[in-house]
């Protein structure tokens, strides 16, 4: 149960393009937070199709100067957050929320492996700087599609030097995740932030290597899966509802928009509170949560509505609403 | 921004005697932070935030499961680094689930804890408290846990020993202390108060320790290490035998040791010891000295305890800031200046620390 948060008025001070697709936003809040730790993120109210929606972004850099820096990758096919952010101009007002950390870095471990893919570098960058400062034993492996996609590469090379290794996919370079995990001290921790496939691979290899689950750290905002975001339709026979879920809305949001009572917690695919049973799926279900195990996902019995979606087509689901008369049979919203 | 606390967080504070932390959960509040301490099977000590990630029940109400702590409410398990390693009724672990792990180190028979930014916790900064090792100096101390006063009142107490004349009359206090001049010096992290009382009758306690007739030179060289450790080099030697020049062979030396840990803004844990370098193989004397310091309410430290809590109660009732100061307060004022500087530096860091860009 997350504490309710107060919105904070802020201003976009400046932007700077780190790569052709990644833009750094420097945000000045009215009330700076006392302490921002590596792995922290802020939630930003982003205007998407004319209405503000919450998006989470990792803070970049140690901060401490009262400014929040986030890096946003422009994804035309995404849920609209990045496009909304990229439209913002320096000087514009913004509403944000107090930094929070759900990807906390442990200090004092004997060894660390940091794994970053693409825009996943943002929290990892800050962790690498912090570990360097404490003289920790760590390595950062940073993969991106092309050389020009390696945001913050120069800064990293300058600050952490030989502890850094780049992997440029289009030049045929791939991280040997199993080999790298094997090199890590048994008491060491692995931190991963990157595309869905990278995280899935890291989790699988980590488990297969018999490493303790508690020493694998990762963060996902649940905004990437196996498939690109696409519209799909949900049917809820019990409530007599059919709802279209647009590409830029989550299934949970679409249910809420349609007036379906839902309980939820993290809204990032971690806690399992907004889970609903799948009765039938006409297309592949794109499970983007970290709540279910791989085996559980494979059975397709349930899904986390806050992050998971259908690749296309339609899903038939149920809800816990046991009201006898369908309450929602009229006024099916056109979203 | 909140008013700064009266203590820096980026410092090592004594949290327990080493022997007090075993294979069970021990709760402490240090600098306002609730912490659970325990010893792992490999002998190392772990210190975790004493509140379960899930519903905040103190983990100290749970139990140890190997090197991990199991919450006594819903069974969540946290390892000694604070990472959740088990959640009920699911096959996975929420990746954001953790409790804070505090840097902790054992040195000089004490457990030291760093309540601030773990990235800055450098064991090299643990105060020099080697007198407490139990080797060259011997003595057994204790702790006044949850002493009801601002830890700085204890620092004040130890940095000005004229109070001995009045609070500890009949044992270590006498008129010679208030009559003798003293010097106060400081560095950027320590303050020292030095007083020599030349050619005096020894006070009763020191007369018994020396166990030789004659007048003495008595010294009190009290050093404060910011933010909260005080070591007092004290003793007597027969007068005219060269003690002020460095030859203490005709005397007895002791040291009072104090590691004072803020519990809250108005309570503290006072780890004390009195050690000596004479009659070191006399456990009977060790026991007597320990008893003399507490003695069921009549010992030297009990006398201080009563004064300090009464002083804090009076401060709470009659807030008057600052205190009026006397020349005898020079040592305490330098100590407080060093504490204030640490607190201010910590505040500045938050604001002025430059971003990487």
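The values are calculated or read from the model by the stated rules, or taken from the named source; none is laboratory data. All values reported here derive from a predicted model rather than from experimental measurement. Cβ: placed from backbone, ideal geometry, glycine included. Neighbour counts: every protein chain shown.
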Check your understanding: Among the residues of segment B:18-41, is there at least one that is more than 24 Å from residue B:264 (Cα to Cα) and in contact with a helix residue (DSSP H, G or I) (Cβ under 6 Å, 6 or more places away or on another chain)?
Key -> no
Study note, to complete from the structure: Only one of B:284, B:341 is modelled with pLDDT of 95 or more, part of a helix (DSSP H, G or I) and more than 22 Å from residue B:190 (Cα to Cα), namely B:284
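Within segment A:41-64, how many residues are facing chain B (nearest Cβ under 8 Å) and either surrounded by fewer than 20 Cβ atoms within 10 Å (Cβ to Cβ) or at pLDDT 95 or above (or both)?
Going through segment A:41-64, the residues facing chain B (nearest Cβ under 8 Å) turn out to be A:61-64.
With either surrounded by fewer than 20 Cβ atoms within 10 Å (Cβ to Cβ) or at pLDDT 95 or above (or both) added as a condition, the list becomes A:64.
Residues meeting the conditions: 1.
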Study note, to complete from the structure: For segment A:160-192 the number of residues that are in contact with a helix residue (DSSP H, G or I) (Cβ under 6 Å, 6 or more places away or on another chain) and under 16 Å from residue A:145 (Cβ atoms) is 1
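Name the single residue that is nearest to the other protein chains (Cβ to nearest Cβ) among those in segment A:220-250 being outside any strand (DSSP E or B) and farther than 19 Å from residue A:75 by Cα.
Selected residue: A:238.
Against the condition surrounded by fewer than 17 Cβ atoms within 10 Å (Cβ to Cβ) and free of Cβ contacts under 8 Å to residues at least 60 places away in the same chain, how does residue A:278 come out, does it pass?
Details: surrounded by fewer than 17 Cβ atoms within 10 Å (Cβ to Cβ): no; free of Cβ contacts under 8 Å to residues at least 60 places away in the same chain: yes.
So residue A:278 does not fit the description; no.
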Point to revise | Failed condition for residue B:3, given (1) assigned to a loop (DSSP other than H, G, I, E, B); (2) in contact (Cβ under 8 Å) with a residue 24 or more places away in the chain | key: (2)
Revision key, fill the gap. Counting only residues in segment A:284-315 that are closer than 16 Å to residue A:228 by Cα and not in a loop (DSSP other than H, G, I, E, B), the one farthest from the other protein chains (Cβ to nearest Cβ) is identified as A:314
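Specify the residue that is modelled with the highest pLDDT; the eligible residues are those in segment B:92-107 that are within 7 Å of another protein chain (Cβ to nearest Cβ) and in a loop (DSSP other than H, G, I, E, B).
Looking only at segment B:92-107, we keep the residues that are within 7 Å of another protein chain (Cβ to nearest Cβ), and these are B:92-96, B:98, B:101, B:103.
Okay, now just the ones that are also in a loop (DSSP other than H, G, I, E, B), so B:92-96, B:103.
Details: B:92: 92, B:93: 92, B:94: 92, B:95: 89, B:96: 89, B:103: 97.
Among those residues, the one meeting the criterion is B:103.
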Study note, to complete from the structure: Of those in segment B:66-91 that are part of a loop (DSSP other than H, G, I, E, B), within 11 Å of chain A (Cβ to nearest Cβ) and in contact with a helix residue (DSSP H, G or I) (Cβ under 8 Å, 6 or more places away or on another chain), the residue surrounded by the most Cβ atoms within 10 Å (Cβ to Cβ) is B:79
Practice item. Go through segment B:51-65 and give me each residue that's free of Cβ contacts under 8 Å to residues at least 40 places away in the same chain, in contact with a strand residue (DSSP E or B) (Cβ under 8 Å, 6 or more places away or on another chain) and either within 14 Å of another protein chain (Cβ to nearest Cβ) or assigned to a loop (DSSP other than H, G, I, E, B) (or both). Key: B:58, B:62, B:65
Revision key, fill the gap. (1) facing another protein chain (nearest Cβ under 9 Å); (2) at pLDDT 95 or above all hold for residue B:30 apart from (1)
Review point. Any residue in segment A:29-36 that is farther than 27 Å from residue B:103 by Cβ and either crowded, with 21+ Cβ neighbours inside 10 Å or in the same structural domain as residue A:308 (by TED's automatic domain parsing) (or both)?
Key: no
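Just to be sure before I move on: is residue B:93 touching a strand residue (DSSP E or B) at 6+ places or on another chain (Cβ under 6 Å) and free of Cβ contacts under 8 Å to residues at least 40 places away in the same chain in the structure I sent?
Values: touching a strand residue (DSSP E or B) at 6+ places or on another chain (Cβ under 6 Å): yes; free of Cβ contacts under 8 Å to residues at least 40 places away in the same chain: yes.
For residue B:93, the condition - touching a strand residue (DSSP E or B) at 6+ places or on another chain (Cβ under 6 Å) and free of Cβ contacts under 8 Å to residues at least 40 places away in the same chain - is met.
Condition first: more than 25 Å from residue A:288 (Cα to Cα) and not in a loop (DSSP other than H, G, I, E, B). Now tell me which residues in segment A:181-198 satisfy that.
Scanning segment A:181-198 gives A:182, A:183.
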